[in-house]
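Structure, as structure tokens:
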Amino acid sequence: MRSRGAVWHDQTVIELSGGNVPVPAGDESHPGKPEVDESVLVLRAQKGDPRAFETLVRRYQQTMYAVALRILSDPDEAEDAAQNAFVAAWRRLPEFRQDAKFSSWMYRIVTNQALNQARGRQRQAQPMSGEDLESAANGGWLAAAPVDPEQQAEQSELLAAVHQALASLPEELRVCWLLREIEECPYQDVADITGVSLYTARGRIYRARLRLAEAMSSWR
Amino acid sequence: MALNENQDAGTEIMPCGRDPLEVVDRARLGRMNAHMRTCPYCQAMITADLPAGSAATSLRDESVQAPDTLLPAVMSTVWSELRPGRNIPLPAVNGSAFATEQAVTSMLEHDLDRLPDFVVHLCSVEAPDDEPEPVEPRTAPALRIEVRAAAAYAVDLAALANRARGVAAETLLHQFGLVAETIDINFVDVYEQQGATT
């Protein structure tokens, strides 16, 4: 049964119960059909279709969680930020313009959410503790691909140095750098997501690169 | 470099007149031109970027796994805030029964999406506004259905629209006991079937 019937007095209201109806097009049982286009999913979600929104969340949860994690450096806070960002997106979907890119819009929401959380806890860009760095570099919350022990040790050291260098950047620079270098967003998207001009976004990425180059010069 | 820098400043053009971001981006892509290969400023910028570039690659290669609890937590809130639309009265003999517009729409979209050569973009269900107070036996309203969809390339659209109408009518009747006054099918896109040869 796809719908749930609930009886109150003499009235039966059929409501969606969630998660029972499979997302239709593009699955293996419908060969030849394309994946449901993102703009279609967004349109359906805007009309209140929770399954369409669930598909969008599935598509973007890894990316948005990763962005939040790299800004906040804390798995629990990152999960909160990603969750709040998706819920905010659901509530604000009616405002979303169809000519905009959903991914950029989501990046903006999750970035702002993570930054607000970071500011809320008055977290100035403090270098991570040695324990945090070790945890981060050894797969505490980031699972690196397995390599041989020597490579792994070197990789761990490099990652620890990266995380430390990143943590020392002002958040404006760090966010722009993460969006450009890790999420591989075009410069214009970085500008749009962070709400600054292209000129400013490029400048921030440039200065972040310079600072990281300086901080990591011993790795050259 | 200055520590109290202006965070809104742009890039600093190098003495050779090149934009440092462009130089580094091109070098990372292996698209260096003749100038970049010989210019000391460009070479210095490219060399200085190597550790940071390597760091970026390392970070990109890290696999970040979102916690399993994230999706259920988001959807729990979404379901609790659902705006399911108006209730549509269903035929009923004892008491009354309703389905929400959202329930009817979702079921139609689900069944129509199973139709070959047809991908639903949006489905809307409109019931008459002037609903009478419930009386028994309940008479279901005739609905107006509008479906926006994409069709596979080179398919007879008129025939496909008729098949879609049939599926929609059958779903309404068998699932809800409802009938449609009109079922409008609007094809808004055409797609090439995956695996099809051109």
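Which of the residues spanning the stretch A:172-195 are more than 16 Å from the chain's Cα centre (by Cα), in contact (Cβ under 8 Å) with a residue 24 or more places away in the chain and closer than 17 Å to residue A:109 by Cβ?
Answer for the stretch A:172-195, where residues must be more than 16 Å from the chain's Cα centre (by Cα), in contact (Cβ under 8 Å) with a residue 24 or more places away in the chain and closer than 17 Å to residue A:109 by Cβ: just A:195.
Just to be sure I understand, how many residues within the stretch A:159-195 are under 26 Å from residue A:218 (Cβ atoms), within 9 Å of chain B (Cβ to nearest Cβ) and either among the small types (Gly, Ala, Ser) or part of a loop (DSSP other than H, G, I, E, B) (or both)?
3
Condition check: out of contact with any strand residue (DSSP E or B) (no Cβ under 9 Å at 6 or more places or on another chain) and more than 7 Å from chain A (Cβ to nearest Cβ). Does residue B:38 satisfy that?
The answer is yes for residue B:38.
Give the residues of the stretch B:54-80 that are facing chain A (nearest Cβ under 7 Å) and of a type in the set (Asp, Glu), sorted by residue number.
Matches in the stretch B:54-80: B:61, B:62.
Looking at residue B:4, is it more than 9 Å from chain A (Cβ to nearest Cβ), loosely packed, with under 15 Cβ neighbours inside 10 Å and modelled with pLDDT of 85 or more?
No.
Can you confirm whether the stretch B:14-33 contains a residue that is free of Cβ contacts under 8 Å to residues at least 24 places away in the same chain and within 7 Å of chain A (Cβ to nearest Cβ)?
Looking for residues that are free of Cβ contacts under 8 Å to residues at least 24 places away in the same chain and within 7 Å of chain A (Cβ to nearest Cβ), one finds at least one in the stretch B:14-33, hence yes.
Which of the following residues is among the aliphatic types (A, V, I, L, M), in contact (Cβ under 8 Å) with a residue 12 or more places away in the chain and surrounded by 17 or more Cβ atoms within 10 Å (Cβ to Cβ): B:92, B:48, B:55, B:66?
The unique qualifying residue is B:92.
Inspect all residues belonging to the stretch B:68-83 and state whether any of them is closer than 30 Å to residue B:165 by Cβ and either in contact with a strand residue (DSSP E or B) (Cβ under 6 Å, 6 or more places away or on another chain) or of a type outside the set (Phe, Trp, Tyr) (or both).
yes
Of everything in the stretch A:83-114, what is within 14 Å of chain B (Cβ to nearest Cβ), farther than 16 Å from residue A:178 by Cα and outside any loop (DSSP other than H, G, I, E, B)? Give them in sequence order.
Within the stretch A:83-114, A:83, A:84, A:85, A:86, A:87, A:88, A:89, A:90, A:91, A:92, A:93, A:94 qualify.
Would you call residue B:67 in a loop (DSSP other than H, G, I, E, B) and either touching a Leu at 6+ places or on another chain (Cβ under 6 Å) or at pLDDT 90 or above (or both)?
Yes; evaluated as a whole, the condition is true for this residue.
Results for (1) within 30 Å of residue A:160 (Cβ to Cβ); (2) at pLDDT below 60; (3) of a type outside the set (Val, Ile, Thr), shown as yes or no for each residue.
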{"position": "A:4", "(1), (2), (3)": "no, yes, yes"}
{"position": "A:17", "(1), (2), (3)": "no, yes, yes"}
{"position": "A:25", "(1), (2), (3)": "no, yes, yes"}
{"position": "A:28", "(1), (2), (3)": "no, yes, yes"}
{"position": "A:45", "(1), (2), (3)": "no, no, yes"}
{"position": "A:50", "(1), (2), (3)": "no, no, yes"}
{"position": "A:63", "(1), (2), (3)": "yes, no, no"}
{"position": "A:75", "(1), (2), (3)": "yes, no, yes"}
{"position": "A:83", "(1), (2), (3)": "yes, no, yes"}
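Let me confirm something: among B:72, B:51, which residue is in a helix (DSSP H, G or I) and closer than 30 Å to residue A:161 by Cβ?
Details: B:72 fails: closer than 30 Å to residue A:161 by Cβ.
None of the other options fit; the residue is B:51.
When the residues of the stretch A:196-217 are narrowed to those that are part of a helix (DSSP H, G or I) and in contact (Cβ under 8 Å) with a residue 40 or more places away in the chain, which ends up surrounded by the fewest Cβ atoms within 10 Å (Cβ to Cβ)?
Only one residue fits best here, namely A:215.
Residues of the stretch B:18-71 being of a type in the set (D, E, K, R), touching a helix residue (DSSP H, G or I) at 6+ places or on another chain (Cβ under 8 Å) and closer than 25 Å to residue A:157 by Cβ, which ones?
Those that are of a type in the set (D, E, K, R), touching a helix residue (DSSP H, G or I) at 6+ places or on another chain (Cβ under 8 Å) and closer than 25 Å to residue A:157 by Cβ: B:28, B:49, B:60, B:62.
Assess whether residue A:154 counts as being assigned to a helix (DSSP H, G or I), more than 11 Å from chain B (Cβ to nearest Cβ) and surrounded by fewer than 21 Cβ atoms within 10 Å (Cβ to Cβ). Steps first, answer last, please.
Values: assigned to a helix (DSSP H, G or I): yes; more than 11 Å from chain B (Cβ to nearest Cβ): no; surrounded by fewer than 21 Cβ atoms within 10 Å (Cβ to Cβ): yes.
Judged against the criteria, residue A:154 is not a match.
The values are calculated or read from the model by the stated rules, or taken from the named source; none is laboratory data. Predicted, not measured: the structure shown is a model, and the values here were computed from it. Methodologically, a virtual Cβ is constructed for each residue, glycine included, from the backbone with ideal geometry; neighbour enumeration extends over all protein chains shown.
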